[in-house]
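The next block holds one structure in the form of structure tokens; read it before the comments.
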Amino acid sequence: MVGKILSEPARSLSERAAPRLPYLDGLNPEQLQAVEALDGPVLVLAGAGTGKTRVLTTRIAHLLGTRRAHPQRILAVTFTNKAAREMKERVGLLTGGVVEGMPWLGTFHSIGVKILRRHAELVDLKSNFTILDTDDQIRLLKQLIAAENIDEKRWPARQLANLIDGWKNRGIVPDKVRDGEAFAFANGRGAALYKAYQQRLKELNAADFGDLLLECLRLFQMAPDVLKEYHDRFTYIMVDEYQDTNVAQYLWLRLLAQGSGNICCVGDDDQSIYGWRGAEVDNILRFENDFPGAKVIRLERNYRSTANILAAASGLIAHNEGRLGKTLHSEGEDGEKVRLKGVWDDEEEARMVGEEIEQLQRDKHSLDEIAVLVRASFQMRVFEDRFLTLGIDYRVIGGPRFYERQEIKDAIAYFEVTMNGANDLKFERIINTPKRGIGQVTVKFLHNHAKSRGISLMQAAREIIETEELKPRARGQVRDVVAHFDRWRGLVDSTPHTELAEQILDESGYTAMWQADKSVQAHSRLENLKELVRFMGDFENMAGFLEHVSLVMDTETQDDGQKVNLMTLHAAKGLEFESVFLPGWEEGLFPHQRHLDEAGKAGLEEERRLAYVGITRAKKRAMISFAQNRRIHALWQTAIPSRFIDELPEAHIEIDEEAESYAGMGPSRFNTYEDAFDAAYDTPGWKRAQKSWQSTPHVKKAPKTIEGELVASSTGAKSEFKLDERIFHQKFGYGRISFIDGNKLTVEFEKAGQKKVLDTFVERH
């Protein structure tokens, strides 16, 4: 057994106190133990829906109610301002407003600022120092990169900013950056630029968000008397969402906890899903080693979900090795089993989810209590289009709708101007995106000329580049932009519109702009652009696609009323819904191949925790779906069901007939890739899917894509490839053909091993 579980609630503090405090009423035995374990280090392992916030706030109320601590002696740390506000409100309700006297209840950053302003001079700052936002940080780094004569296009400032942020999250100062990590930027100059950046911040009397903890660490290490002051000040320390702490936050907490030793961390190792932004699940896993004699209290009684949902989630997460271990249980009804459904492709998946939601509506189910949780943001597009077609109101949580995203609006602006050069609004939007040195002065000059002549901005640009009113550099850039659009417009009738769209985004430099951006969001933006181009293939031409977009954007949405919730799995943490749809459970998408490639086993376990989070958002019903085929990066790929599906306990899963058909169900439900591949062509589901696909407009218009694959597979067409020929596959990489059966190839891949693939998905190399 991990940890020392309190086992004598009958002799608890609250029962010795008289009279019994009313805020303790209604707590279950485990929650009561967590509230009353006030002395020494305590780890509360709080599973999903087990009432962790109630435990944390009641614990604070108990410290105040029993006069164990003055409000100013309690340090309570959260991750978000929203969580801090909620905690203050709930503690206030329990204590009659005494929470207003708790100055040390807030986020890591807000508390870090408060400490730094009190002792700024000790870290070479003044108490009125400025906190830089991301734009200011990037601007400063650009100046430093330019001063070092480094090519900013090759080594963008945003990439350096992400590196520095990562170092600060790990508590690494410039002199401690390892040589190998320094080489990640500008051939080894990363550490020197980091040092110059920190020096420049001091000169500006400024700090960035990473400094708010890093400088606190330096302060505590350099000034033991200051650290002792806070040891004496904080009698009790409480931390929410401990599984999401990064190294710097962990070190900061450990230093402060060396005082009284009364630290209580609440978290769930099974919900640590933010490793990509610096969170270290090991912080919670080694709590007992860090704090000898710690009590570990498990909250396993779930108040959210039915028994079948909890059992399915628990069975899945049990496959993780890096966890302390707990099993959620519900005292409510068994409820519906988790449904598993297989579909032919993402379009059918969206139709299926839409039909399910319509049926729930007919059964008087609130749309506000329905959520569609996707692994990647590009998956949202197909659901948004389907909801708009059906007239189902929806909201996107954690970001804008697909067509309202910056990268999508920019791309559509390029396409619009290509089709209609007189579209001034779109032309102005992208004339300097990506940045070309066409500033506001030039744009204003174009505006004035266009207005005086009664012509469009594009025509004004044509006229201006023939004169010398503009400076040579600006005139040259405007000339290039006009020439680009003229060339693209000339290709509209002769080039397939999807190819033209890719050409526009490439030649304009727009794709390269996001490829050079090393932020986490940049990868999602590139995926969204690829999804946009892929979706264009469903239309006859670019004009038809743009008309569709105009109609979608013109759809009126009301802020009031019920709406289906559409979001990524990461954005769903902490939320709950009556019904949850979990689409896209396929290898490569979920678990996400990029995460597996970058983090290996640790990445796989974090992806599994993400799946666990997704399932446990559901209160009454959950549906998981996977597609037999999915277009990734504008290419069709035969998908195989996620390994997570095979890890779900059969007793709590209801498998639809189509899921069995598409996945090639056998003794282990989901066998090898080869079994699933062959079975897909030998089942009733295959015939239904083939008939369904051949009747859809985009298949008829694009016979060389998926329909060509279907027909070739069913007629035994001969492959043009030869034995032992070296090929490349988008998903599996390089390999050599070892066997040919019609147009199905058995390939020995250099990294992925032996796989069966269609020859339409490979290319010679």
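Pairs of Cα atoms under 8 Å, at least six residues apart: use those to get the relative contact order of the chain, whole percent.
For the chain, the relative contact order is 14 percent.
Eigenvalues of the Cα gyration tensor times 5, then square-rooted: what semi-axes does that give for the stretch 193-278, in whole angstrom, largest first?
In descending order, the three semi-axes are 26, 21, 8 Å.
Taking a ≥ b ≥ c as the square roots of the Cα gyration tensor eigenvalues, with a/c under 1.5 meaning rounded and otherwise prolate when a/b beats b/c, else oblate, which class fits the chain?
Oblate, because a/c is 1.5 or more while a/b does not exceed b/c.
Averaged across orientations, what area in nm² does the convex hull of the alpha carbons in the stretch 97-158 project?
Averaged projected hull area, Cα only: 6.3 nm².
Counting only the backbone N, which residues of the stretch 196-216 are under 18 Å from the spot 7 Å out from the Cα of ALA223 toward its beta-carbon?
Zone members listed by number: 202-203, 205-208, 211-216.
Quick check: at a probe of 1.4 Å, how many percent of the accessible area of the stretch 386-447 sits on carbon and sulfur atoms?
Heavy-atom surface of the stretch 386-447 belonging to carbon and sulfur, 1.4 Å probe: 50 percent.
Quick one: net charge around VAL123, please, counting Lys, Arg +1 and Asp, Glu -1 for every other residue with C-beta under 9 Å from its C-beta.
-2
Note down the relative contact order for the stretch 388-491 as a percent, whole number, built from C-alpha pairs under 8 angstrom at least six residues apart.
Relative contact order here is 23 percent.
Select from the stretch 144-223 those trypsin sites (Lys or Arg not before Pro) which occupy a DSSP coil region and have at most 12 other Cβ atoms within 10 Å, ordered by residue number.
For trypsin sites (Lys or Arg not before Pro) across the stretch 144-223 that sit outside H, G, I, E and B with at most 12 neighbouring Cβ atoms in 10 Å, the list reads LYS153, ARG154, ARG178.
Out of the DSSP beta bridges found with both residues in the chain, what percent are antiparallel (nearest 5)?
Counting only bridges with both partners in the chain, antiparallel ones make up about 35 percent.
In the chain, if the dipole is taken from +1 on Lys/Arg beta carbons and -1 on Asp/Glu beta carbons about the Cα centre, which of ASN262, PHE626, VAL443 is farthest to the positive end?
Going by the Cα projections, it comes out as ASN262.
Highest mean first, how do 353-363, 643-653 rank when packing is the count of other Cβ atoms within 10 Å averaged over residues?
Put in order of decreasing packing, that is 643-653, 353-363.
Given a Förster distance of 51 Å, report the FRET efficiency between PHE739 and SER550 from their Cβ-Cβ distance, rounded to the nearest 0.05.
About 0.55, to the nearest 0.05.
Over the stretch 58-180, what relative contact order in percent results from Cα pairs under 8 Å that are six or more residues apart?
So the answer I get is 16 percent.
What FRET efficiency, computed as 1/(1 + (r/R0)^6) with R0 = 41 Å and r the Cβ-Cβ distance, is obtained for ASP179 and GLU507, rounded to the nearest 0.05?
That pair, ASP179 with GLU507, gives E of 0.60.
Okay, helix-only estimate at 222 nm for the chain: each DSSP H run of n ≥ 4 adds -39500 (n - 2.57), divide by all residues, round to 500 deg cm²/dmol; what do you get?
-14000 deg cm²/dmol
Ordered by packing density, taken as the mean number of other Cβ atoms within 10 Å over each peptide's residues, highest first, how do 611-623, 335-347 rank?
Taking the mean over residues of other Cβ atoms within 10 Å, the ranking is 611-623, 335-347.
How large are Rg and Dmax for the stretch 50-111 when only the alpha carbon atoms are used, in Å?
When restricted to the Cα atoms of the stretch 50-111, Rg and Dmax are 10.6, 30 Å.
Could you work out how much longer the chain between LYS82 and LEU575 gets when fully extended? Use 0.36 nm per residue separation minus the Cα distance between them, nm to one decimal.
Roughly 176.2 nm would be gained on extension.
Among 511-518, 75-82, how do they line up by average Cβ neighbours within 10 Å per residue, starting with the highest?
Ranked by mean Cβ neighbours within 10 Å, highest first: 75-82, 511-518.
May I ask you to give the solvent-accessible area per residue for the chain, in square angstrom, as obtained with a 1.4 angstrom probe?
44 Å²
Given the Cα atoms of the stretch 339-486, and with Rh set as the inverse mean 1/r over their pairs in the Kirkwood sense, what is Rg to Rh to two decimals?
Rounded to two decimals, Rg/Rh equals 1.20.
For the stretch 25-83, what does the alpha-carbon gyration tensor say about shape, rounded, prolate or oblate, given a ≥ b ≥ c as the root eigenvalues, a/c under 1.5 as rounded, and a/b over b/c as prolate?
It is oblate, given that a/c is not under 1.5 and a/b is not larger than b/c.
The values are calculated or read from the model by the stated rules, or taken from the named source; none is laboratory data. In this text, all values refer to a predicted model and were calculated from it rather than measured experimentally. Backbone-built Cβ (ideal geometry, glycine too); neighbour counts: all protein chains shown. Accessible surface is based on the protein model in full, side chains and every heavy atom, while ligands, DNA and RNA are left aside. Shrake-Rupley method; radii C 1.70, N 1.55, O 1.52, S 1.80 Å.
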